[in-house]
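Notes for the one structure printed next.
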Amino acid sequence: MERKGLVICSVVAFLGVLSAVTGFAAEATRIKASDVKFVSNAQCSYPRSPALGLGLTASAALLVAHIIINVTAGCICCKRTNQNWNSNRAKALIFYVVSWFTFVIAFLLLLTGSALNDQHGEESMYFGTYYCYVVKPGVFAGGAVLAIATVAFGIFYYLTLNNAKDTNGPWGNAAVPNQGGIVMGQPQFPPHQTSQDPVFVHEDTYNRRQFT
């Protein structure tokens, strides 16, 4: 891997780990039902929680990591080239689609979880019963797991697409390896002889022919 690719993958991996860690931290510090107190029949008291800031940090780190991967690698579906659709490009397309799918879900879970975990003051009525809304368990944790998956598939997409570019020549065909020498073809037919081979005659026979 070249130095540029190593730096990009390292930065994206760091952002992915940061998103996952803050996401799990938000899950651990989210407001639970036992933390909410009833002030009156229509009022709930929510404690302060760092889950809002942690969830926003997780979603922001995931967004930056996803942008870096897609900007540096480029969109495989938007490029119109003459390159052959080899196995590496097919794998890159799968990684690209999966990374976008997991990114959308993870980003929404982290962002909406952060917003809903913010302090509320009013109760809600559900079938005639008042209740205080809290974020369900597993929202932040699910976003953290999908954040790791998004970054992993994004890095796979970047590496696989670069490998697919390297294995293709400038005209879209596989690069021809450098050959050490030039093979000269041999003629299929022997060259035409313009004269017959010399015939050797004994000296006595040659002298007789001269005297006759």
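The values are calculated or read from the model by the stated rules, or taken from the named source; none is laboratory data. Note that this is a predicted model, so its numbers are computed, not measured. For neighbour counting, all protein chains shown are included, and Cβ atoms are generated from backbone atoms with ideal geometry for every residue, glycine included.
Details
- Residues in region 39-70 that are in contact with a strand residue (DSSP E or B) (Cβ under 7 Å, 6 or more places away or on another chain), more than 18 Å from Leu116 (Cα to Cα) and either among the hydrophobic types (A, V, I, L, M, F, W, C) or crowded, with 23+ Cβ neighbours inside 10 Å (or both): 2 in all.
- Check on Thr57, touching a Ser or Thr at 6+ places or on another chain (Cβ under 7 Å) and at pLDDT 80 or above: yes
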